[in-house]
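Engineer: Sharing a structure, written as structure tokens. Questions coming.
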Amino acid sequence: MASASSKERSRDGIAELARRRGFLWQAFEIYGGASGFYDYGPLGALLKRRVEEAWRKFYLREGFYEIETTNVAPREIFEASGHLESFTDRAVVCKHCKSFFRVSEGVDVRGKCPECGGELEAAGEINLMFQTRIGLSKEERDEEAQEKTEGYLRPETAQGIFINFQRLLRFNRDKLPFGVIQIGKAYRNEISPRKSLIRLREFTMAEAEVFVDPGEKSNHPRFDEVKDRMLWFVPSEGEGGEKSLEEAVRSGIISNEYLGYHIVKVEEFLERIGIPRDKLRFRQHRPEEMAHYARDCWDAEFLSDRYGWMEIVGVADRGDYDLSSHASHSNTDIGVHVQLPAREGETVKTKAKITPHVIEPSYGIDRIIYALLESSFYEEQVGKEKRKVLRLKNEIAPIIAAVFPLLNRDELKSKAKEVFQMLRDTSIFVEYDDSGSIGRRYRRQDEIGTPYCITIDYETLADDTVTVRERDTMKQVRVPIGKLEEVLV
RNA sequence: GCGUCGAUGGUCUAGAGGUAUGACUUGGGCCUUCCAAGCCCACUGCCCGGGUUCAAAUCCCGGUCGACGCACCA
């Protein structure tokens, strides 16, 4: 056990750091905890917010508008979305080979295991949605009345966008294509949540829904901007490997330009916030692993030292599944009139009514946070000490800079506090520290990914310059206080 | 959900029937003109519940949480 657990521990350095330095805490800890729930501590919350902010900016720049919809929704929404049907079957498990089966026409508790012929036992309900009640319900009421009060926590944020489609279309002045984003919590009552942030019961998703005329799917107006981008594709069939997007689309690996465009955007974003490109690939779902709504799906996978390849973003072609289904369940017409291009010799343009298709990049923010922490964590030998450093990009680092007096003396401390306060008054988030030796303070900041440390020394008192020490190189430059703001951005 | 193993200050750890070891961290002080230095002082702990026993961190039972394997992950 000793050797296994010490190996475990060294591989787990980032988990220990995240806990100790206030990034990530198991939820409900003082009550013994509950599996699948994590709280973000002060630094974790800052990091997460900065990642979300970077994501928001990225998609707003692409022309998307953000909306915010409810976490709780009535039963009908999930009847229409297909989640109720896909989630509430009873399940059985084979006592012998442990295979799991959904109860269906062919399989029930009294039957035999289709895999090995072993005895089956009930394994409860597969219901990944958390159920709740909306309003009061009297127990003696009939079943129909019960159903009326039945509500669920959303298992994805997307439905809130689909059910507002008409409003959104109108907001976009009845023109396709357009895109909508949402960042928010989603909930899935996982059977066995594990692996820190990888499988949570409550998690943050950032989803973008692109509505496009199906006839235009292979004609993205900005395809040229991204077509030469090289990506690592792993299709469900045939050879994978590094290809340009254009090649992938032309050879049919990627079925349309819209899907391809957004796959590239996913990689651009991930790279921008600091996920290393060589740890990223795009893997296509096999038909049997596809969600009920998807006609095609590509996962952006991150190569984790700890967990191997793991999904951090899914890019799905949902076709017209959601809009059509909500249209029929809600008895609403959500078709869109589009103009067809005028043909040779025709004087009148024809109009057609179509149901848009949806391309959906869906980001698991918590998994991305994990990937960022793991891939930016380094332990390196500096002299006799091990230096732990989080090489986070400036754009997402929880704290941009820390201000120190070189020595714990009043004249340096008061000057340092002055500089600290000056920076806090800008949008640059800084920290102040005067405890222990200067070296200790540098290392403390390295550990939490602070890119810069500003030190006030006696020279500062003479000429108003400070040293700025860079996290990754540990090199220092002298900078006038007045120029700090531009140096730190 | 099943199986195996585990849980001791903030972190990591020693202890295998007599209420706990050490290191680091943290806080205070001294020292210190740039990378976890040194010295002094201080704080903090046996996952929860039940049982056995004069006595339980230690043994037994149950639970919770975690790691790993199987299954699950629309």
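The values are calculated or read from the model by the stated rules, or taken from the named source; none is laboratory data. Since this is a predicted model, take the numbers as computed values, not measurements. Please note: Cβ atoms are built from the backbone with ideal geometry, for glycine as well, and neighbour counts cover all protein chains shown. Protein only, heavy atoms only, side chains kept; ligands, DNA and RNA dropped before computing areas. Shrake-Rupley method; radii C 1.70, N 1.55, O 1.52, S 1.80 Å.
Engineer: What pairs come up if the first residue lies in region A:451-469 and is under 28 Å from A:Pro398 (Cβ atoms), the second is among the hydrophobic types (A, V, I, L, M, F, W, C) and open to solvent by 70 Å² or more (accessible area, probe 1.4 Å), and their beta carbons are under 6 Å apart, counting only those six or more places apart or on different chains?
Structural biologist: Note: pairs meeting the criteria are A:Val468/A:Val477.
Engineer: Just to confirm my filter: which strands (runs of 3 or more DSSP E) fall fully inside region A:200-295 and include at least 2 residues that are within 23 Å of the chain's Cα centre (by Cα) and either surrounded by fewer than 16 Cβ atoms within 10 Å (Cβ to Cβ) or assigned by TED's automatic domain parsing to the domain that holds A:Ala27 (or both)? First the steps, then the outcome.
Structural biologist: On the way: elements: A:202-212, A:230-234, A:241-244, A:280-284.
Passing ranges, in order: A:202-212, A:230-234, A:280-284.
Engineer: Is at least one residue of region A:180-192 among the acidic types (Asp, Glu), at pLDDT below 90, in a loop (DSSP other than H, G, I, E, B) and touching a Lys or Arg at 6+ places or on another chain (Cβ under 6 Å)? Step through it out loud before you land on a result.
Structural biologist: Here is the first cut: in region A:180-192, the ones among the acidic types (Asp, Glu) are A:190.
Next, from what is left, pick out any that are at pLDDT below 90: A:190.
Now drop any that are not in a loop (DSSP other than H, G, I, E, B), which leaves A:190.
Now narrow it down to the ones that are touching a Lys or Arg at 6+ places or on another chain (Cβ under 6 Å): A:190.
There is at least one residue in region A:180-192 that is among the acidic types (Asp, Glu), at pLDDT below 90, in a loop (DSSP other than H, G, I, E, B) and touching a Lys or Arg at 6+ places or on another chain (Cβ under 6 Å).
Engineer: While we're on this one: So how many residues does region A:24-71 have that are within 16 Å of RNA strand B (Cβ to nearest atom) and within 30 Å of A:Gly13 (Cβ to Cβ)?
Structural biologist: Narrowing region A:24-71 to residues within 16 Å of RNA strand B (Cβ to nearest atom): A:24-44, A:69, A:71.
Of the ones still in play, those that are also within 30 Å of A:Gly13 (Cβ to Cβ) are A:24-44.
Total meeting the criteria: 21.
Engineer: Let me confirm something: among A:Glu411, A:Glu379, A:Glu374, which residue is touching a helix residue (DSSP H, G or I) at 6+ places or on another chain (Cβ under 8 Å), under 14 Å from A:Ile14 (Cα atoms) and open to solvent by 50 Å² or more (accessible area, probe 1.4 Å)?
Structural biologist: Numbers: A:Glu411 fails: under 14 Å from A:Ile14 (Cα atoms); A:Glu374 fails: open to solvent by 50 Å² or more (accessible area, probe 1.4 Å).
Only one candidate qualifies: A:Glu379.
Engineer: Is there a residue in region A:174-184 that is acidic (Asp, Glu), open to solvent by less than 10 Å² (accessible area, probe 1.4 Å) and under 18 Å from A:Thr355 (Cβ atoms)?
Structural biologist: No, because not a single residue in region A:174-184 is acidic (Asp, Glu), open to solvent by less than 10 Å² (accessible area, probe 1.4 Å) and under 18 Å from A:Thr355 (Cβ atoms).
Engineer: Of all residues in region A:46-79, which are among the hydrophobic types (A, V, I, L, M, F, W, C), surrounded by 15 or more Cβ atoms within 10 Å (Cβ to Cβ) and part of a helix (DSSP H, G or I)? If you could, list the steps in order and put the result at the bottom.
Structural biologist: So the first thing to find is which residues in region A:46-79 are among the hydrophobic types (A, V, I, L, M, F, W, C), and the list is A:46-47, A:51, A:54-55, A:58, A:60, A:64, A:67, A:72-73, A:77-78.
Subset that is surrounded by 15 or more Cβ atoms within 10 Å (Cβ to Cβ): A:46-47, A:51, A:54-55, A:58, A:64, A:67, A:73, A:77-78.
Within region A:46-79, A:Leu46, A:Leu47, A:Val51, A:Ala54, A:Trp55, A:Phe58, A:Ile77, A:Phe78 meet the criteria.
Engineer: State the number of residues belonging to region A:386-406 that are touching a residue at least 12 places away in the same chain (Cβ under 8 Å) and either within 11 Å of RNA strand B (Cβ to nearest atom) or out of contact with any strand residue (DSSP E or B) (no Cβ under 7 Å at 6 or more places or on another chain) (or both). Write out each step before concluding.
Structural biologist: Start the filter on region A:386-406 by keeping residues that are touching a residue at least 12 places away in the same chain (Cβ under 8 Å), which leaves A:387-406.
From the residues that got through so far, the ones that are either within 11 Å of RNA strand B (Cβ to nearest atom) or out of contact with any strand residue (DSSP E or B) (no Cβ under 7 Å at 6 or more places or on another chain) (or both) too are A:387-390, A:392-398, A:404-406.
Going through region A:386-406 one residue at a time, the tally reaches 14.
Engineer: What number of residues within region A:470-485 satisfy the criterion of being within 6 Å of RNA strand B (Cβ to nearest atom) and in contact with a Lys or Arg (Cβ under 7 Å, 6 or more places away or on another chain)?
Structural biologist: We begin by selecting, within region A:470-485, every residue within 6 Å of RNA strand B (Cβ to nearest atom); these are A:474, A:476.
Keeping just the survivors that are in contact with a Lys or Arg (Cβ under 7 Å, 6 or more places away or on another chain) gives A:476.
Residues flagged as within 6 Å of RNA strand B (Cβ to nearest atom) and in contact with a Lys or Arg (Cβ under 7 Å, 6 or more places away or on another chain) within region A:470-485 amount to 1.
Engineer: A:Arg20: assigned by TED's automatic domain parsing to the domain that holds A:His292, open to solvent by 20 Å² or more (accessible area, probe 1.4 Å), over 23 Å from the mean Cα position of the chain (by Cα) and within 25 Å of A:Ala397 (Cβ to Cβ), yes or no? Don't jump to the end; show me each part of the working.
Structural biologist: Details: assigned by TED's automatic domain parsing to the domain that holds A:His292: yes; open to solvent by 20 Å² or more (accessible area, probe 1.4 Å): yes; over 23 Å from the mean Cα position of the chain (by Cα): yes; within 25 Å of A:Ala397 (Cβ to Cβ): yes.
Yes: the conditions hold for A:Arg20.
Engineer: I need every pair where a residue in region A:238-254 that is over 15 Å from A:Trp298 (Cβ atoms) has its Cβ under 6 Å from the Cβ of a residue that is not hydrophobic (A, V, I, L, M, F, W, C), sequence separation at least 6 or different chains.
Structural biologist: Cβ pairs passing all conditions: A:Ser244/A:Asp228; A:Glu246/A:Lys227.
Engineer: Mind checking whether some residue in region A:391-399 is out of contact with any Phe, Trp or Tyr (no Cβ under 8 Å at 6 or more places or on another chain), of a type in the set (Asp, Glu) and open to solvent by less than 70 Å² (accessible area, probe 1.4 Å)?
Structural biologist: yes
Engineer: While we're here: Would you confirm whether or not region A:299-321 contains a residue that is part of a helix (DSSP H, G or I), open to solvent by 10 Å² or more (accessible area, probe 1.4 Å), touching a strand residue (DSSP E or B) at 6+ places or on another chain (Cβ under 9 Å) and within 16 Å of RNA strand B (Cβ to nearest atom)? Reasoning before the result, please.
Structural biologist: Within region A:299-321, the first condition is being part of a helix (DSSP H, G or I), and the residues that meet it are A:321.
From what's left, open to solvent by 10 Å² or more (accessible area, probe 1.4 Å): A:321.
Subset that is touching a strand residue (DSSP E or B) at 6+ places or on another chain (Cβ under 9 Å): A:321.
This time we only want the ones that are within 16 Å of RNA strand B (Cβ to nearest atom), so: A:321.
Yes: region A:299-321 contains one or more residues that are part of a helix (DSSP H, G or I), open to solvent by 10 Å² or more (accessible area, probe 1.4 Å), touching a strand residue (DSSP E or B) at 6+ places or on another chain (Cβ under 9 Å) and within 16 Å of RNA strand B (Cβ to nearest atom).
Engineer: Let me ask another. Hey, any hits in region A:156-167 for a residue that's of a type in the set (D, E, K, R), assigned to a helix (DSSP H, G or I) and surrounded by fewer than 22 Cβ atoms within 10 Å (Cβ to Cβ)? Break it down stepwise before answering.
Structural biologist: Taking region A:156-167 as the starting set, the residues that turn out to be of a type in the set (D, E, K, R) are A:156, A:167.
If we keep only those that are assigned to a helix (DSSP H, G or I) as well, we get A:167.
Among the residues that remain, those that are also surrounded by fewer than 22 Cβ atoms within 10 Å (Cβ to Cβ) are: A:167.
Yes.
Engineer: Same structure again: State all residues of region A:168-179 that are touching a helix residue (DSSP H, G or I) at 6+ places or on another chain (Cβ under 9 Å) and not in a strand (DSSP E or B); if no residue qualifies, say none.
Structural biologist: Initially, region A:168-179 is screened for residues touching a helix residue (DSSP H, G or I) at 6+ places or on another chain (Cβ under 9 Å), giving A:168, A:175-179.
Result: A:Leu168, A:Lys175, A:Leu176, A:Pro177.
Engineer: Pairs only if they're at least six apart or on different chains, beta carbon under 9 angstrom, first in region A:421-438 and not assigned by TED's automatic domain parsing to the domain that holds A:Tyr452, second among the small types (Gly, Ala, Ser) and within 12 Å of RNA strand B (Cβ to nearest atom); list them, first residue then second.
Structural biologist: Pairs found: none.
Engineer: Kindly check whether there is at least one residue in region A:439-454 that is over 22 Å from A:Glu385 (Cα atoms) and either acidic (Asp, Glu) or away from RNA strand B (no atom under 12 Å from the Cβ) (or both).
Structural biologist: Looking for residues that are over 22 Å from A:Glu385 (Cα atoms) and either acidic (Asp, Glu) or away from RNA strand B (no atom under 12 Å from the Cβ) (or both), one finds none in region A:439-454, hence no.
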